[in-house]
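J.: First, the structure itself, so that you have it in front of you.
Read-outs throughout are calculated quantities, based only on the coordinates presented, and are distinct from any laboratory measurement. Values in this document were obtained by computation on a predicted structure and should not be read as measured data. Quick reminder, even Gly has a Cβ in these numbers, built from the backbone with ideal geometry, and neighbours come from all protein chains shown.
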Amino acid sequence: MAYLELNNIYKTYGEGENATEVLSDINLSIEEGEFVAIVGFTGSGKTTLVNLINGLIKPTSGEVLFKGEPVVDTSHERGVIFQNYSLLPWLTVGQNVYMAVKEAFPKENKAFLKQRVNDYVAMVSLSPAINKRPKELSGGMRQRVAVARALAMNPEMIIMDEPLGALDALTRGNLQDEILNIWSQDKRTALLITNDVDEGIYMADRIIPLKPGPNATLGPEFKIDIERPRDKTALNDNANFKKTRNAIIEYLMDIGEERKSVSNETYELPDLAPKSFVA
Amino acid sequence: MEQEITLKKEGKSMAFLKPLLAKVTPKFQKADLLPSLKKAGITVLSILLFLGLWHLGSKALYNKEANFKIEKALTEQGQVAADAERACIASGDSSCQPNTLPSPTQVWASLQSLIADHKVINADKAAFVEKMAATNAKLVAKGKTAIVYTGRASFVDIVLTSIKTVFAGFLLALLIAVPIGVIIGLSPSLRSAFNWFIQIFKPVSPVVWYLLVFMIVKTLYIGDSSDNAFVISFISVGLCAMWATLVNTAMGVSSVDKDYINVAKVLKLGTFQKVFKVILPSSLPLIFTGLRITLSVAWMVLIAIELLAQSQGLGLFVWEEFQNGANDSNAKIIVAMFVIGIIGFLLDQIMLTVQNMVSFNKNEGV
């Protein structure tokens, strides 16, 4: 039995005539310790899918099974890293992490909780900023706080909703390595939602494209057979990497084309000819 | 570099003081000096201009009324009476002075006399307490109530009574509006249940609130001879002023960023924790905006309500001076006007400072 299973998930927003089916017929299964990436265009229903898995919303039909149990609510077993960090601005870095740790370990004493906060803030190398408020930090630092907050709760599975989407390329690369580093230490199950194919290939064991919505559904999966730890620069010359990358991009482009070709609007072009400067 | 994590107690007390300290300790830098001097100069200049215009205006009004009086004496009683009237006005005798807008100097003199009067009354009070000390000690020993000074209230006492009334009213508004605002902000069904109530009672005038409170308090105090003017006035002030806080609190609580609610859900915070750790902190800026409006409304309606309630505050002072019609009554009214304005300004500044302390930049936090 798979660790996380999505069976025939449909999600509709709105009622009656205004109803839009965002997700249709989603089937997914993730094994324990696996790192899976879902790649899709913006607006294709990625966040809806994440919220279904972490229990913030319920599917219209179908079921989400986590370790064989249906998901009805959020759980500390599934840690979430949100797209927009979602740090509480009135709390410092330490307090933001402390709040999560306290909820995850309600029986532990204060010294243990503080130690855990210190450890995880140190892990994302933010110890000097532990008493700063989120608005005093850069985007990359904020996302690292969000990573520390999610991991400090010791979840069995990490769900990342475009965690690096709002960052510049350089910070992005660094944080990818950091997340992989942390992941490789205890190989927790991880689900990464992203719009960056390269990021998916670099980080995941398996990539599944999400066909754009409405009626978004998962496409065929692509296995990434590249040895870990992966080297970003060497990856560019790896034949396997190139092949997989091209295949995924081709697939995504094809659905893009498919979507575009549905439009049968014709454009009338003005009757123009280049002027001759010779005569 | 290892740093200890600070939780609430240590960390917050410093952060709380920071903006206040920044306000108290002025930073002197050479580059700042010239622009700030210029700014102060413009303020002083505009004050002088205002005083000048006021002086000219009051002089014109004075002359108009004086001329009218002389003309009237001339037409009704003849030249002799008119000359007597003119001499009388010129001599500055209080029996025939025109009673119009007082000049700045008259107002200043009135302020001085009010302060002098305060000193006289204070001395009276001290003498009374000294004189009655022995008698009161005996009365208390016998188990009776001591005799207290019941003479005229001085201007300073009056101002203090007004401030006390406003703060009592503000506190009442806070205690009623914030909890109700939070509750109706949290529950959409309660919000619609309360909506008609808020919409109907919000625009009711201070005078009507006073009458309503009077009806109720009068009956509650029935058979009790003690003075209930203060109670009536602070309750009316509170009820008049609480609406801004109520509406703002409800709005702040109901419009908490969805991301924060998601965080609360993912962390699995309990209801109590969710309200106190996520919803309230995030709506504090709006709540304080409401409280600031409440305080300024409270101060504004206070005058009318004190007048009606016969509470010994600035409102009654102004009304009594107007009824009194003494020579310096008008000047005293203007003094009260400035005192009301300045205190209102200071109250607003206090609230603004507090508001800046609790607010955070919402957009930058996400």
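J.: Spin-label point model (7 Å from Cα, Cβ direction): what's the B:Lys218 to A:Ala122 distance in nm?
T.: Using points 7 Å along Cα→Cβ, the separation is 7.4 nm.
J.: Between B:Met242, B:Met300, B:Met132, find the one with the highest GNM mean-square fluctuation for chain B; connect C-alpha pairs within less than 10 Å.
T.: B:Met132
J.: Which whole number gives the average count of other chain Cβ atoms within 10 Å of the Cβ atoms across peptide A:125-138?
T.: 3
J.: Where does the longest stretch of chain A lie that holds no chymotrypsin sites (Phe, Trp or Tyr not before Pro) found in a DSSP loop with 13 or fewer other Cβ atoms within 10 Å?
T.: A:1-266
J.: Relative to the Cα centre, what is the charge dipole magnitude of the protein assembly as shown, using +1 at the beta carbon of each Lys and Arg, -1 at the beta carbon of each Asp and Glu, and rounding to the nearest 20 debye?
T.: 2340
J.: Per DSSP helix of 4 or more residues, -39500 (n - 2.57); summed, then divided by the residues of chain B. What does that give at 222 nm, rounded to the nearest 500?
T.: Roughly -27500 deg cm²/dmol at 222 nm, from the helical runs in chain B.
J.: Give me the percent relative contact order of the stretch B:34-98, please, defined on Cα pairs under 8 angstrom at least 6 residues apart.
T.: 22
J.: Which listed residue (A:Phe241, B:Ala123, B:Leu267) has the Cα farthest towards the positive end of the charge dipole for the protein assembly as shown, taking +1 on Lys and Arg C-beta and -1 on Asp and Glu C-beta about the Cα centre?
T.: The residue sitting most towards the positive pole is B:Ala123.
J.: Could you work out how far helix B:9-24 tilts from the main Cα principal axis of chain B, as a 0 to 90 degree angle to the nearest 10?
T.: 30
J.: Stick to Cα atoms and the Kirkwood definition of Rh, then tell me Rg/Rh for chain A.
T.: 1.06
J.: Let me ask you something else. With springs only between Cα atoms under 10 Å apart, run a GNM on chain B and tell me which of B:Val80, B:Val217, B:Val253 wobbles the most.
T.: Of the options given, B:Val80 has the highest mean-square fluctuation.
J.: At a Förster distance of 22 Å, what's the computed FRET efficiency of B:Ile198 paired with B:Phe276, Cβ-Cβ distance as r, to 0.05?
T.: According to the calculation, E is roughly 0.35.
J.: Sticking with this one: About the Cα centre, and with charges only on the beta carbon of Lys, Arg (+1) and Asp, Glu (-1), how big is the dipole of the stretch B:228-366? Nearest 20 debye, please.
T.: The dipole magnitude comes to about 840 debye.
J.: May I pose another question? Residues with beta-carbon under 14 Å from that of B:Asn122, excluding B:Asn122: net charge, scoring Lys, Arg +1 and Asp, Glu -1? Spell out each step's value before the answer.
T.: Working: positive: B:Lys119, B:Lys125, B:Arg152; negative: B:Asp117, B:Asp124, B:Glu130, B:Asp157.
For residues surrounding B:Asn122, the net value is -1.
J.: Just to confirm the number: angle between the C-alpha axis of helix A:139-152 and the first principal axis of chain A, 0 to 90 degrees, nearest 10?
T.: That helix lies at roughly 50 degrees to the long axis.
J.: Okay, moving on. Projecting each Cα onto the charge dipole of the protein assembly as shown (Lys/Arg +1, Asp/Glu -1 at the beta carbon, about the Cα centre), which of B:Gly341, A:Gly62, A:Ala129 comes out farthest on the positive side?
T.: B:Gly341
J.: Moving on. Using helices alone, what [θ] at 222 nm do you get for chain A, with -39,500 (n - 2.57) per DSSP H run of 4 or more residues, divided over all residues and rounded to the nearest 500?
T.: Numbers: 8 runs with 101 residues, N = 279.
Calculated at 222 nm, the ellipticity per residue is -11500 deg cm²/dmol.
J.: With a sphere of radius 12 Å drawn around the Cβ of B:Ala326, what net charge do the other residues whose Cβ falls strictly inside it have (Lys, Arg +1; Asp, Glu -1)? Provide the component values of the computation, followed by the final result.
T.: On the way: positive: B:Lys332; negative: B:Glu320, B:Glu321, B:Asp328.
Taking every Cβ under 12 Å from that of B:Ala326, the sum is -2.
J.: What is the magnitude of the charge dipole of chain A about its Cα centre, with +1 placed on the Cβ of each Lys and Arg, -1 on the Cβ of each Asp and Glu, and no other charges, expressed in debye to the nearest 20?
T.: 1280
J.: Right, next: State, to one decimal in nm, how far the label point of B:Thr43 lies from the label point of B:Ala84, with both points 7 Å from Cα in the Cβ direction.
T.: 5.3
J.: Another question about this same structure. Per-residue mean of other chain beta-carbon atoms within 10 angstrom of the beta-carbon, peptide A:79-87?
T.: Partner Cβ neighbours, averaged per residue: 4.
J.: For helix B:329-358, report the angle its Cα long axis makes with the longest principal axis of the Cα atoms of chain B; keep it between 0 and 90° and round to the nearest 10°.
T.: Relative to chain B, helix B:329-358 is tipped by roughly 10 degrees.
J.: Using a Gaussian network model on chain B with a 10 Å cutoff between Cα atoms, which of B:Leu291, B:Leu316, B:Leu33 fluctuates the most?
T.: B:Leu33
J.: Give the residue from B:Gly41, B:Ile89, B:Leu61 lying farthest towards the positive end of the charge dipole for the stretch B:34-98; charges sit on Cβ (+1 for Lys and Arg, -1 for Asp and Glu) and the dipole is referred to the Cα centre.
T.: B:Gly41
J.: While we're on this one: From the square roots a ≥ b ≥ c of the eigenvalues of the alpha-carbon gyration tensor of the stretch B:212-366, which class results: rounded (a/c under 1.5), prolate (a/b over b/c), or oblate?
T.: In terms of gyration-tensor shape, oblate.
J.: Another question, then. So which of A:Lys11/A:Lys46; A:Lys58/B:Lys277; A:Lys58/B:Lys265; A:Lys135/B:Lys277; A:Lys107/B:Lys268 end up more than 22 Å apart, counting from Cα to Cα? Spell out each step's value before the answer.
T.: Working: A:Lys11/A:Lys46 12 Å; A:Lys58/B:Lys277 26 Å; A:Lys58/B:Lys265 14 Å; A:Lys135/B:Lys277 18 Å; A:Lys107/B:Lys268 15 Å.
Among A:Lys11/A:Lys46; A:Lys58/B:Lys277; A:Lys58/B:Lys265; A:Lys135/B:Lys277; A:Lys107/B:Lys268, the Cα-Cα distance tops 22 Å for A:Lys58/B:Lys277.
J.: Figure the gain on full extension for B:Leu175 and B:Ser226 (residue separation times 0.36 nm, minus the Cα-Cα span) and round it to one decimal in nm.
T.: 15.8 nm
J.: Find out how many positive minus negative residues lie around A:Glu34, taking Lys and Arg as positive, Asp and Glu as negative, among other residues whose Cβ is under 13 Å from that of A:Glu34.
T.: Value of the local net charge: -1.
J.: Rounded to the nearest 5, what % of DSSP beta bridges with both residues in the protein assembly as shown are antiparallel?
T.: Looking only at bridges with both residues in the protein assembly as shown, the antiparallel portion is about 45 percent.
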